[in-house]
Structure formats: structure tokens, C-alpha cells
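For reference, the structure is listed below as C-alpha cells.
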Amino acid sequence: MMERPLTLPCGAVLPNRIAKAAMTEGLATPDGLPTAELERLYGLWSDGGAGMLLSGNIQVDADHLERPGNVVIDREPDAAMRSALASWASAATRNGNHFWAQISHAGRQTQKNVNPHPKAPSAVKLGLPGGQFGEPVALTEAEIEDIVRRFGICAAAVKEAGFTGVQVHAAHGYLFSQFLSPRSNQRTD
């Protein structure tokens, strides 16, 4: 059963039913570029035979990382980014498996050492002990539109690089999840 191909509702055909879930790696450069370490790691997972590999968080805003070391695509990629993404995608798909980018924005769940005043749907602080997250600032409508645009730029960049799909991260308390929750989204617009 595990060796049989699986056709997803979107039409993608996975060579088998084994998937590597998205996990944060923290292996990008300080500028958010994929590294040889990411390429090696995903090449090993591809060699392991999984039909689907999901990347860790690829952020659409360098000021709203899930953690330092995230890959960041928040503008049209330059030649260095395009090359690094293509090398990563090539290693991660070298055995005919899928490699999907998990694209994300951390919103208020940005560590304060990254951004002490992260943007969020509303100015509602994350209620976790330890003080690792800053005081959020509510997004303007124009900023929301810019974030939507950045998701599009990121998705197009990974597609061009050879990723075979995209997963928009809308869970675990990140920005899309914040918009979906009445506890963190108190907007009236």
C-alpha cells in the first residue's frame, strides 16, 4: 500500500504515500538564502524514498521570521537567490519525489530578538510565558495587501526554481492562523 502512487485532489501524483513533514531547519544564511547544508539535508531525505518533502518555513517577510535562519523570499529574487533555490529544489527532487515549499509569515509570533514590534491582525500580545515575543502592532489594510503580494512573489519564485508545490502555513499561531482566530483578530474592517 505504501509503495502505490497517490493522486492528490490538486492533481499532483506522489510516487508513494510517505511524506516528510515540514520542520524548521534554521540553516539559511543571515540574509535568508538557502545553503549547501539545506541542499545536502533535503538530498538525503530525497534519497530516503519519501514521495513528498515539505520544506520548513520559507518566510515572506524578513522582519517576521519564525526564527533566525529561515529562508526568506520577500521580494523578486536576485540571481543568487534564484540559483540557491534551484540547487535546493534539484537536490530535494532528484529521486522523482515532490518538494513543496511551506510559505509563511510569523505575525505576532515573531521572536522579539527578530522584531520587538511585529505586525499582526490586531495589537493582541501572544499570551505565552517567558517574554520571548514582542508587543504586536495592528496591520493596516495596505500592509495586508503587501503581505498577500509577497506570498504571490514567494510562490512564483519557488515554482520557477523547481519546487513542485506550495503549502501556505495557516496553523501553529502564525499570521494566517491569527487572522482566523477571534482571540487574536479583533478587527472590524
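Can you name the helices of the chain, as whole DSSP H runs, whose Cα span along the helix axis is 24 Å or more and whose Kyte-Doolittle mean is not below -0.5? Don't skip to the answer; put the middle values down first.
Values: long enough: 141-161 (30 Å, 0.26).
Qualifying helices: 141-161.
Between residue 128 and residue 21, 0.36 nm times their residue separation minus their Cα-Cα distance comes to what? Please list the in-between numbers first.
Details: separation 107, 0.36 × 107 = 38.52 nm, distance 2.51 nm.
Length gained between residue 128 and residue 21: 36.0 nm.
Could you compute the FRET efficiency for residue 146 and residue 94, with r as their C-beta to C-beta distance and R0 at 25 Å, rounded to 0.05? Don't skip to the end; give the middle numbers.
Values: r = 35 Å, r/R0 = 1.42.
Efficiency for this residue pair is about 0.10.
Share of the stretch 59-189's accessible area from carbon and sulfur, percent, 1.4 Å? Write down the numbers at each step before the final one.
Details: 3310 of 6330 Å².
Taking all protein chains in place, the stretch 59-189 shows 52 percent carbon and sulfur surface.
Per residue, how large is the accessible surface of the chain? Use a 1.4 angstrom probe and give square angstrom.
In whole numbers, the chain has 50 Å² accessible per residue.
Beta carbons within 10 angstrom, averaged per residue: use that to sort the peptides 48-59, 117-128, 2-13, highest first.
On the way: 48-59: 22.2, 117-128: 17.5, 2-13: 9.7.
So the order, starting with the most tightly packed, is 48-59, 117-128, 2-13.
Return the long-range amide H neighbours of residue 167 (sequence gap of 5 or more, or a different chain), with a cut-off of under 5 Å between placed amide H atoms.
The answer is 101, 102, 103.
7 Å from Cα along Cα→Cβ at both residue 135 and residue 168: what's the point-to-point distance in nm?
3.2
What is the spin-label model distance, in nm, from residue 37 to residue 2 if the labels are put 7 Å beyond Cα along the C-beta direction?
So the label points at residue 37 and residue 2 sit 2.9 nm apart.
Put 174, 42 in order of accessible area, largest first, 1.4 Å probe: what do you get? Numbers along the way, then the final one.
Values: 174 25, 42 0 Å².
Highest to lowest solvent-accessible surface, that is 174, 42.
In nm, to one decimal, how far is the residue 82 label point from the residue 156 one, both placed 7 Å along Cα→Cβ?
Output for this residue pair reads 1.3 nm.
What residues have an amide H closer than 5 Å to that of residue 20, excluding those fewer than 5 places away on the same chain, when H is modeled at 1.01 Å from N in the peptide plane?
So residue 20 has HN proximity to 52, 53, 54.
The values are calculated or read from the model by the stated rules, or taken from the named source; none is laboratory data. Since this is a predicted model, take the numbers as computed values, not measurements. Counting neighbours? That spans all protein chains shown, and the Cβs are built from the backbone with ideal geometry, glycine included. Note: areas computed on protein heavy atoms with side chains; ligands, DNA, RNA excluded. Shrake-Rupley method; radii C 1.70, N 1.55, O 1.52, S 1.80 Å.
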